[in-house]
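Take a look at the structure below.
The values are calculated or read from the model by the stated rules, or taken from the named source; none is laboratory data. From a predicted model like this one, the values you see are computed outputs, not experimental measurements. Cβ placement follows ideal geometry from the backbone for every residue including glycine, while neighbour counts extend to all protein chains displayed.
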Amino acid sequence: MIRTGRKKEWSILLFVVCLIAFVPPVISLFDVPTLTFGIPISYLYMFGIWAAVIAMTALGARRGTEKAVALPGAGRDRGNSGGERGNE
């Protein structure tokens, strides 16, 4: 079974978003001396993005009701002899 390009597109999109989220100029926006619940905002940003990436990777990797293309001859019943076919 060959999968369509949906998961590949999802992986590329996730990679680009992570790349943008973790570049130093974006990280420096959250590098302020303010604490939230006693934790620096830069730590919350880094671990929050990291957790979101893991969640999005799991969401993209799960098997869904994605359309798949069957290879020729992959679903045929090999027990039939001659030209006889079963109910399809």
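Cβ-Cβ distances below 9 Å connect the following pairs, each with a first residue in the range 47-59 that is closer than 11 Å to residue 21 by Cβ, a second residue that is modelled with pLDDT under 95 and among the small types (Gly, Ala, Ser), and a separation of six or more residues or different chains: 49/21; 52/21; 53/21. Residue-level analysis places residue 65 outside the set of residues that are modelled with pLDDT of 85 or more, exposed (fewer than 10 other Cβ atoms within 10 Å of the Cβ) and not aromatic (Phe, Trp, Tyr).
If you check residue 44 against the conditions, is it more than 26 Å from residue 7 (Cβ to Cβ), modelled with pLDDT of 90 or more and either exposed (fewer than 13 other Cβ atoms within 10 Å of the Cβ) or not polar (S, T, N, Q) (or both)? Criteria met by residue 44. Looking at this structure, is residue 51 at pLDDT 90 or above, surrounded by fewer than 11 Cβ atoms within 10 Å (Cβ to Cβ) and either among the aliphatic types (A, V, I, L, M) or under 24 Å from residue 26 (Cβ atoms) (or both)? Yes; evaluated as a whole, the condition is true for this residue.
Determine if the range 29-37 includes at least one residue that is exposed (fewer than 13 other Cβ atoms within 10 Å of the Cβ), aromatic (Phe, Trp, Tyr) and in a helix (DSSP H, G or I). No: zero hits. Criterion first (surrounded by 14 or more Cβ atoms within 10 Å (Cβ to Cβ) and either polar (S, T, N, Q) or under 30 Å from residue 62 (Cα atoms) (or both)) does residue 13 satisfy it? No: the conditions fail for residue 13.
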